[in-house]
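Student: Before I ask anything, let me first share the structure, which is written out below as structure tokens.
The values are calculated or read from the model by the stated rules, or taken from the named source; none is laboratory data. Computed from a predicted model, the values in this text were never measured in an experiment. For neighbour counting, all protein chains shown are included, and Cβ atoms are generated from backbone atoms with ideal geometry for every residue, glycine included.
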Amino acid sequence: MSKPRVAFFDFASCEGCQLQIINLEEAVVDVAKLIDIVSFREAMKEHSDDYDIAIIEGSITRPMDVKRIKEIRENASILIAMGACAHLGGIQRLSNQWTPEENKEEVYARHPGAEHTGDDNPLFEKPVHRAVDEIVKVDAIIPGCPIDKNEFAKVLIALLTGKKLPIPDYPVCVECKKNENICMFEIGKFCMGPLARAGCNAHCPTTGNECEACRGFIDNPHEKAHLEVLEKYGLSADEIMRRKSMFTHRYIEEATSSGSSPEEAKGGE
């Protein structure tokens, strides 16, 4: 029996998640036993449009990207959204709240002589960053920025063997407690841990950094409890919303369109 044929595709992203795949090291042996990689621009020159599984990195931004992702979806039996850009729309999604002119002014006005290409190209008139599942059906998501390479291997193996996907649905706070971390709020920092999806082993708080929810929210986040914690430590509503939008502006957009809070919008998915 032939192995499933796997192809990697990149859209608007830094391609750091694909580099994590290359860094699989010994775990790549287990993955290689199950699949045949037929297209992977980061690692090989060969390319084939004959594939069973498509793994997507990056947000969908331009009309040409929409057309391309739809074609990939038609060719693939399974489509996986890999990383925060494909899963949530990425940090670049923050630019959706401003006009193209405002974004150009903010980025290019600081660099005399820098020229923005594509101004006369209609494909660049109104770039809007979206997650892959806002355009096409997604069969599995591997969250994170970047993804965890071992989680990638586990998800792929689970898909191929018909097992439950190993993506946790409990908050990062659980992993912080397991690691015996001091709560970020107790040391005067901000943290999205009460809402953020675990699975990273609370990497950022464990190393003294604040959680920015790069893995998105859990399915049913406890919005009220989180807001009570933030208010207890003197954070304003503006600060709460600013910090929530780093990786999770998608939820704010969805909440705006539905008239609910970002966490309610997520919980209703």
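Student: For the range 155-173, name all the residues that are under 24 Å from S245 (Cβ atoms) and either in a helix (DSSP H, G or I) or among the aliphatic types (A, V, I, L, M) (or both).
Tutor: Listed by number, the residues that qualify are I167, V172, C173.
Student: Another question, then. Taking the conditions exactly as written (in a loop (DSSP other than H, G, I, E, B) and modelled with pLDDT of 95 or more), does N181 satisfy them or not?
Tutor: Yes: the conditions hold for N181.
Student: Taking only pairs six or more apart or across chains, which ones have beta-carbon atoms under 6 Å, a first residue in the range 207-232 that is not assigned by TED's automatic domain parsing to the domain that holds L88 and in a helix (DSSP H, G or I), and a second residue that is surrounded by 12 or more Cβ atoms within 10 Å (Cβ to Cβ) and of a type in the set (D, E)?
Tutor: E223/E263
Student: Would you pick out the residues in the range 169-226 that are of a type in the set (S, T, N, Q) and within 23 Å of C17 (Cβ to Cβ)?
Tutor: Once the filter is applied, which keeps residues that are of a type in the set (S, T, N, Q) and within 23 Å of C17 (Cβ to Cβ), the range 169-226 yields N201, T206, T207, N209.
Student: Which numbered condition in (1) surrounded by fewer than 20 Cβ atoms within 10 Å (Cβ to Cβ); (2) in the same structural domain as G83 (by TED's automatic domain parsing); (3) over 28 Å from K33 (Cα atoms) is the only one that I157 fails?
Tutor: Checking I157 against (1) surrounded by fewer than 20 Cβ atoms within 10 Å (Cβ to Cβ); (2) in the same structural domain as G83 (by TED's automatic domain parsing); (3) over 28 Å from K33 (Cα atoms), the one that fails is (3).
Student: For residues in the range 196-246 being at positive phi and among the aliphatic types (A, V, I, L, M), which is surrounded by the fewest Cβ atoms within 10 Å (Cβ to Cβ)?
Tutor: My answer is A202.
Student: Now for a separate question. When both residues are 6+ apart or on different chains and their Cβ atoms are under 7 Å apart, which pairs have a first residue that lies in the range 169-191 and is loosely packed, with under 12 Cβ neighbours inside 10 Å, and a second that is among the acidic types (D, E)?
Tutor: Correct list of pairs: D169/D219.
Student: Take residues that are at pLDDT 95 or above and tell me which of the helices (runs of 4 or more DSSP H) falling wholly in the range 37-140 contain 2 or more.
Tutor: 63-75, 83-88
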